[in-house]
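Let me begin by presenting the structure, written as structure tokens, before commenting on it.
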Amino acid sequence: MFEEPYRWTEAVGNRRAYIAAQFARASPVVCLSYRGGVLLATFQRGIPKLYEIYDRIALAGMGHPADLETLRAVALDVAHVEGFQRAPSDVTVMRLMKYGLAPVVKRAYEELFRAPFVIRLVLAEVGGKPDQDLFVTLDYDGVFEALTGRAVTAATPEATLAMTRCLDRAKESAEFPLEVALRIALKGNFGVRSA
């Protein structure tokens, strides 16, 4: 009986190690505000990782394709129910995160008899101006964070931090055209790969 908390802690540690191993070859996602909207970029061809969820809202992610598709469906369902029951303007990334995605991901992570989601996500919401754009990142354990200007998901926290620093050095304002935003996003990605 006294071993149960230890076993749960050990099992959670094993989950973290398993998920870290799954991310080892994952391609990062970079999201930036720019003059014309929001840029979401990934650096791997093949399996889709960028999705439109609702008017002004997009989802980008890295991880297992089936998990990405499952959470995309959750986000779509929550967005459409919110838009139908309330109003389309009530559908925001924070509502989708707080009442849709984060609880589902956290529950799967903590219930040891279920497989965790192998994902890192970014929800992006286009505001009226670039400084009103909102990004919300979600990790595989259900922890989320709201950001403005840019957001990054990468294989490790160290890679995410390095990419974010590179993006911060490259841009001083979101009032630039798409071509510049794309160049900044690519620089952020390759800055990490060469390090």
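What is the residue count in the stretch 26-56 for residues that are part of a loop (DSSP other than H, G, I, E, B) and either small (Gly, Ala, Ser) or touching a residue at least 40 places away in the same chain (Cβ under 8 Å) (or both)?
Here the count works out to 8.
Suppose we filter Glu110, Glu125 for residues that are within 24 Å of Val38 (Cα to Cα), touching an Asp or Glu at 6+ places or on another chain (Cβ under 9 Å) and of a type in the set (Asp, Glu); which single one remains?
Residue meeting the stated conditions: Glu125.
Which is within 24 Å of Val143 (Cβ to Cβ) and touching a Lys or Arg at 6+ places or on another chain (Cβ under 9 Å), of Ala102, Ala108?
Ala108
Is at least one residue of the stretch 93-106 surrounded by fewer than 19 Cβ atoms within 10 Å (Cβ to Cβ), out of contact with any Phe, Trp or Tyr (no Cβ under 6 Å at 6 or more places or on another chain), closer than 30 Å to Arg7 by Cβ and in contact (Cβ under 8 Å) with a residue 12 or more places away in the chain?
yes
What number of residues within the stretch 114-142 are surrounded by fewer than 21 Cβ atoms within 10 Å (Cβ to Cβ) and over 18 Å from Ala102 (Cβ atoms)?
6
Residues of the stretch 143-157 being surrounded by fewer than 16 Cβ atoms within 10 Å (Cβ to Cβ), touching a helix residue (DSSP H, G or I) at 6+ places or on another chain (Cβ under 9 Å) and not hydrophobic (A, V, I, L, M, F, W, C), which ones?
Selection gives Thr148, Thr156.
Filter the stretch 27-52 down to the residues that are among the hydrophobic types (A, V, I, L, M, F, W, C) and either over 13 Å from the mean Cα position of the chain (by Cα) or at positive phi (or both) and list them by number.
Within the stretch 27-52, Val38, Leu39, Phe43, Ile47 meet the criteria.
Give the number of residues within the stretch 57-81 that are within 30 Å of Ala24 (Cα to Cα) and either among the aliphatic types (A, V, I, L, M) or part of a helix (DSSP H, G or I) (or both).
17
Read-outs throughout are calculated quantities, based only on the coordinates presented, and are distinct from any laboratory measurement. Just so it is clear, the model here is predicted, and its values are computed rather than measured. Don't worry about glycine lacking a Cβ; one is built from the backbone with ideal geometry, like all the others, and counts go over all protein chains shown.
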